[in-house]
Every structure is written in structure tokens, then in C-alpha cells.
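Reviewing the structure listed below.
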Amino acid sequence: MDAFLFGAYQSISLLLFLFLSSLLIYHRLFRRWLKFSLGFFAVYLVGSFFFFRKWPVPFPAAGSVDALPYFLFFFGCFACIGYCLIRQLAFWQSIGLLACYLVALLAFLLLAGIDIGLPRDGAVEAFVTSLPYVLFFAATPLVLGFCLIRGFSIRETAGVFVTFGFVLVLFLIATSTYFGKPFGFLPELSLYTRAWIEIGSLLIGALGLLLVFGASLLSSFTLKETLGATITFLAAESALVILVYLTIGYEVLGNAFAAR
């Protein structure tokens, strides 16, 4: 019960501090915010000692010290970005301020002797070989959002996606050739990942075919136009299925159908 109450006390105090700090910073009352921060944490420490008989010291445990680089990185970057937005700095000025902070943070961590997770043997290779897949899943929504923000048409959006995919394929070929890895998905995929990839490739074909028919009906396409759109979609779906088959294969679905 005491641990629950102390956790609630910490959470409420943190939310209250962030809310009041955002109000003061929004109104550009920086001096008042500094005074408020000192007073607030003094009251927080006194209250935690008298009510809970605990004296919370920042980073008391070894695990917290290990998390210090990540804490300084994320919160420091947010603070720098917020300062640039408040001061209405230009883009390159913001980049320069953020770069200066990162260099100062790196120097501080190295001088303090804190392990910042330098690359181990094989870490760079694993990172570079998995980077195309990370970019595919992480950057695809960004590319789509960029096209929507700029008001691109369907053809322009398709062109951007084709260019983006072509760059990823070239990157994938370069990394797999340089490190001697098999082209396509790495064989270390988990069973659930393989299942999602295999089922997803077939779901795209089933649902996409219905979308093609629906779009053709809504656009009042003729029979020839509908047939042409269907053949084009089936060609793209066939390329996707062949790509999955030649890279990881349909192992999960093959075993499922064989079991039946």
C-alpha cells in the first residue's frame, strides 16, 4: 500500500509539474519557471520525506545510471526542440543547436566514464542489413504523409512510392552483397513474422481485388477499363507473391495446407 501511495504521489507530482511548467514556458516566463522548479522540487522532497519517510535521490541504482544516457538524450533533445520553437529559430539554427547539444552530451558521457553502448562485434553488420526493412515499415507512412501534405495526385504518389521502393531495393542488394547475406528477408525471421508476411501477401490480393472492382464501379469504368485495371492489379499481386516465394517461401501456409 505504501509503495502504491508513493507511486501515485510521484506520478501526480510529475504531471502537475509538467502542466504548470508548460503554462509558464508558453507565456515565456522563464525566470519564474526556474524559481518555480526549484521551489516545487524542494516541496516535493520535503513532502516525500515527512509523509513517506523516503528521500528520493536521482539515479540511486545502477540500473538508473545505465539509463542516464537515454534520459539525457530524449529529454535533452525535446528541450532543445522546444527552445527552438519558442525562440522561433530557423531550421539550420535549430539543427546547429541540436548538434551542439549532442556533441556536449557525448563528451560528458565519455568524460564521466558512462557506457554509451558502443557497437560490439557484428552489431554494425546486423544494423546495416536490417536497416532496409526498418526503413520500409517506418518510412512508408512518412512518404505517404508527405504526399498527402503536398497534395500529390495518385500518379505522383505512385511515382514517389516506386522511387522510394527502388532505392530500398538497391540498398538491400548492396548490403546483402557486401556482407554476403542471402537476398531478401533474413532467415532469422520468427514464426509469427513469417506467418504475417505470408498471410499478408495473400490478403492484399483478396482485398485489393475487391477494391479494384469497387473503384471501377464508383468511377463508372467500361468493361475494358475494368478488365485492364484488374489485369494490372493481378500482375502486381503476382510479382508480390513471387517475391515472397523466392525469398522466404510459403513455409507456414504450406505446412498448414499439408496438415489438412
Test V212 against the stated conditions and say whether it is closer than 20 Å to L240 by Cβ, surrounded by 14 or more Cβ atoms within 10 Å (Cβ to Cβ) and either more than 24 Å from the chain's Cα centre (by Cα) or not polar (S, T, N, Q) (or both). yes
Given (1) surrounded by 11 or more Cβ atoms within 10 Å (Cβ to Cβ); (2) in a helix (DSSP H, G or I); (3) modelled with pLDDT of 75 or more, identify the lone condition not met by F74. (1)
Of (1) closer than 20 Å to R87 by Cα; (2) outside any helix (DSSP H, G or I); (3) not aliphatic (A, V, I, L, M), S21 satisfies all except one. Which? (2)
Between a residue in region 78-104 that is among the aromatic types (F, W, Y) and any residue that is surrounded by fewer than 14 Cβ atoms within 10 Å (Cβ to Cβ), which pairs come within a Cβ distance under 9 Å, given they are 6 or more apart or on different chains? Y101/A79
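Quick check on region 218-240. Is at least one of its residues at pLDDT below 85, among the polar types (S, T, N, Q) and more than 18 Å from F137 (Cβ to Cβ)?
From region 218-240, those at pLDDT below 85 are 239-240; that's our starting set.
Those left that are additionally among the polar types (S, T, N, Q): none.
Looking for residues that are at pLDDT below 85, among the polar types (S, T, N, Q) and more than 18 Å from F137 (Cβ to Cβ), one finds none in region 218-240, hence no.
Can we say L246 is over 28 Å from V134 (Cα atoms), among the aliphatic types (A, V, I, L, M) and in a helix (DSSP H, G or I)?
Numbers: over 28 Å from V134 (Cα atoms): no; among the aliphatic types (A, V, I, L, M): yes; in a helix (DSSP H, G or I): yes.
No, not satisfied.
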Among the candidates F166, F146, F221, F161, single out the residue that is more than 21 Å from L131 (Cβ to Cβ) and aromatic (F, W, Y). F221
Taking only region 10-38 into account, find how many residues are modelled with pLDDT of 75 or more and surrounded by 14 or more Cβ atoms within 10 Å (Cβ to Cβ). 9
So which pairs qualify, if the first residue must be in region 7-25 and in contact (Cβ under 8 Å) with a residue 60 or more places away in the chain, the second must be part of a helix (DSSP H, G or I), the Cβ gap must be under 9 Å, and the two must be at least 6 apart or on different chains? I25/W33; I25/G82; I25/I86
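The values are calculated or read from the model by the stated rules, or taken from the named source; none is laboratory data. Note that this is a predicted model, so its numbers are computed, not measured. Neighbour counts are summed over all protein chains in view; Cβ atoms, including those assigned to glycine, are modelled from backbone coordinates with ideal geometry.
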